[in-house]
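Right, one structure below, let's go through it.
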Amino acid sequence: MALSNLDRRGFLKGTTAGALALGLAPRAFAQETPKRGGHVRIGHSGGATSDTIDPATYTGGPVVTAMIGGVCNNLVEIDETGAAKPELAEEITPSADAKTWTFKLRKVTFSNGRPLTAGDVIASFRHHMGDDTKSGAKELLKDVIDIRADGDNVVVFELGSGNADFPFVAADYHLLIMPAAADGTMDWKSGIGTGGYTLEEHEPGVRIGLKRREDYWKSDRAWFDEVTLLTINDPTARQNALVTGEVDIINGVPTKTVHLLERRPGIDLVEVTGTAHFPFPMHCDAAPYDDVNVRLALKYAMNREEMVEKILRGHGSVGNDHPIAPAYRFHNADLEQRAYDPDKAKYHLKQAGRDSLDVTLATSNGAFAGAVDAAVLFQESAARAGITVNIKNEPADGYWSNVWLKAPFCQGYWNGRPTEDWMFSMVYAADSSWNETHWQNARFNTLLQEARIELDTARRAEMYSEMQQLCRDDGGAIIPMFANFIDGKSEKVKHGALASNRFLDGWKAVERWWLA
């Protein structure tokens, strides 16, 4: 079964149609025709003087937005519907067991005029593999046992075990394709890519300058003549830069100050459902959380709507005690939403042989902004269910090393991952080192292994739906809410349907947006 740019329904699309597959319901956009031209300026968080254009070092920030959305391409990109869409790959073909993946490459050129070849792809992937690499993508590629060329324009990946989501791995922001040097290594220092822009300037932690290529192979992308990305890490300064017209776009508008931008004429908010969530993990192998009825009592004692309204200021959605947000392909929208219900909480306490419950919750604003306030809200809602939540406020410095994974009941934060398998495997699999709840569910782990290699999307949807229910009803995490991605822009900046796998249109605003 091959996946081409014109026919990509199959195993990659998932069961939810169109923009519902990843993100909000389809939004109404004015049918404006994109046009070329202009100089756009982006105020961006996450820049540092230590930044390099070596993809192995990427953690986020303006370098990633410049490189993944401007200078380079991946084999695969995530489109506005959440589908894995061939990018530098023209066609993707898996074996029946999802262990062998064949990528046929497009005939495109780097900005220096050199044709893209299989050797460039192999060098780019191997840059993140091996014992010596410190790449953030090393773990993603640990199951790749061989990469080989089949001629100049075909690359074959052999995996140790099947992975139906391997195209999503190939879309990871580290795995940009850059030229191979004469010795077969990746030539990242050249700053050359196949994308719509050339890298003209890079002052780490200060600014990045891009210029549009006239010969870009995507005729319907890369609209700006020039792009400047400015590092503005302070959110207040970033918003002020947008308000005063110093920049045209900013990322990461804090929910507590969204209302200030909403009032400003000439400024638009760009908001989509994201995958970031805020679990309250309980250790399922420690009393009293080793009793599923205690866990259910605590889940029913959480007022999720209040959390979304007061902590996220309405810029999010209620959670259902599993990590699969509405932004995911296989989100189970039919799963009954758990609501705040003190009477049901009391019922489950009685099922556990208890009339009341006294627990200690470790918290810190080092977990996430507003974590202590969220703990207080939980304390108040739980009290009405006969549950006493003692709040232990921990220092923000060292919270992730001293409290998370150690305290039997605490708070956490996850930005989400591109696929259900990725998210579940990292945090909920029995053998995961980041299994923050110490949850062991045999049925869940069987489904996890089976779904990973299943190429039939309808069957995968059934599996992931059941896994979400298992997390909700048996798992050790209370997940009250998912946060939206919120960016800001001048009204003169336009865009089409938005991706919600990351902020700034999946980090692709440089390529996809334009100036009116």
Restricting attention to segment 177-193, which residues are among the aliphatic types (A, V, I, L, M) and not in a strand (DSSP E or B)?
177, 178, 181, 182, 192
Of all residues in segment 274-313 being crowded, with 23+ Cβ neighbours inside 10 Å and among the hydroxyl-bearing types (Ser, Thr, Tyr), which is farthest from residue 494 (Cα to Cα)?
300
Residue 366 versus (1) more than 30 Å from residue 454 (Cα to Cα); (2) at pLDDT 95 or above; (3) surrounded by 16 or more Cβ atoms within 10 Å (Cβ to Cβ): which is the lone unmet condition?
(2)
Before we move on, is residue 228 surrounded by 17 or more Cβ atoms within 10 Å (Cβ to Cβ) and either more than 25 Å from the chain's Cα centre (by Cα) or over 30 Å from residue 447 (Cα atoms) (or both)?
yes
Residues (hydrophobic (A, V, I, L, M, F, W, C) and surrounded by 18 or more Cβ atoms within 10 Å (Cβ to Cβ)) located in segment 336-355
345, 349
Restricting segment 138-153 to residues that are part of a loop (DSSP other than H, G, I, E, B) and under 25 Å from residue 422 (Cβ atoms), the one modelled with the lowest pLDDT turns out to be 139
So the check is Cβ under 8 Å with 6+ separation or different chains; which pairs have a first residue in segment 427-449 that's assigned by TED's automatic domain parsing to the domain that holds residue 471 and over 17 Å from residue 463 (Cβ atoms) and a second one that's assigned to a loop (DSSP other than H, G, I, E, B) and polar (S, T, N, Q)?
427/435
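Being within 23 Å of the chain's Cα centre (by Cα) and either outside the structural domain of residue 140 (by TED's automatic domain parsing) or among the charged types (D, E, K, R) (or both): is that true of residue 63 here?
Yes; evaluated as a whole, the condition is true for this residue.
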Among the helices (runs of 4 or more DSSP H) lying completely within segment 408-516, list those that include at least 2 residues that are at pLDDT 95 or above and of a type in the set (Asp, Glu).
420-427, 457-474
Looking at (1) over 16 Å from residue 486 (Cβ atoms); (2) surrounded by 22 or more Cβ atoms within 10 Å (Cβ to Cβ), which one does residue 316 not meet, given that it meets all the others?
(1)
Among the charged types (D, E, K, R) and either modelled with pLDDT under 95 or in the same structural domain as residue 371 (by TED's automatic domain parsing) (or both): is that true of residue 246 in this structure?
no
Residue hits (segment 277-300; more than 17 Å from residue 471 (Cα to Cα) and either polar (S, T, N, Q) or touching a residue at least 24 places away in the same chain (Cβ under 8 Å) (or both)) are 286, 288
Failed item, numbered, when residue 90 is tested on (1) over 30 Å from residue 237 (Cα atoms); (2) within 23 Å of the chain's Cα centre (by Cα); (3) among the acidic types (Asp, Glu); (4) at pLDDT 95 or above
(2)
For residue 466: the one exception among (1) among the acidic types (Asp, Glu); (2) in contact (Cβ under 8 Å) with a residue 12 or more places away in the chain; (3) out of contact with any Leu (no Cβ under 8 Å at 6 or more places or on another chain); (4) surrounded by fewer than 19 Cβ atoms within 10 Å (Cβ to Cβ):
(3)
When residues of segment 397-425 are limited to those that are among the aliphatic types (A, V, I, L, M) and within 30 Å of residue 165 (Cα to Cα), the one surrounded by the most Cβ atoms within 10 Å (Cβ to Cβ)
423
Of all residues in segment 194-203, which are in a loop (DSSP other than H, G, I, E, B) and either among the charged types (D, E, K, R) or farther than 20 Å from residue 495 by Cα (or both)?
194
What strands (runs of 3 or more DSSP E) completely inside segment 52-118 contain at least 2 residues that are surrounded by fewer than 23 Cβ atoms within 10 Å (Cβ to Cβ)?
89-94, 100-105
Kindly provide the set of residues from segment 204-224 that are within 27 Å of the chain's Cα centre (by Cα) and not in a loop (DSSP other than H, G, I, E, B), ordered by number.
207, 208, 209, 210
Which is more than 26 Å from the chain's Cα centre (by Cα) and aliphatic (A, V, I, L, M), of 181, 164, 170?
181
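The values are calculated or read from the model by the stated rules, or taken from the named source; none is laboratory data. These figures come from a predicted structure and were not determined experimentally. Here the Cβ is made from the backbone with ideal geometry for all residues, glycine too, and neighbour counts use every protein chain on show.
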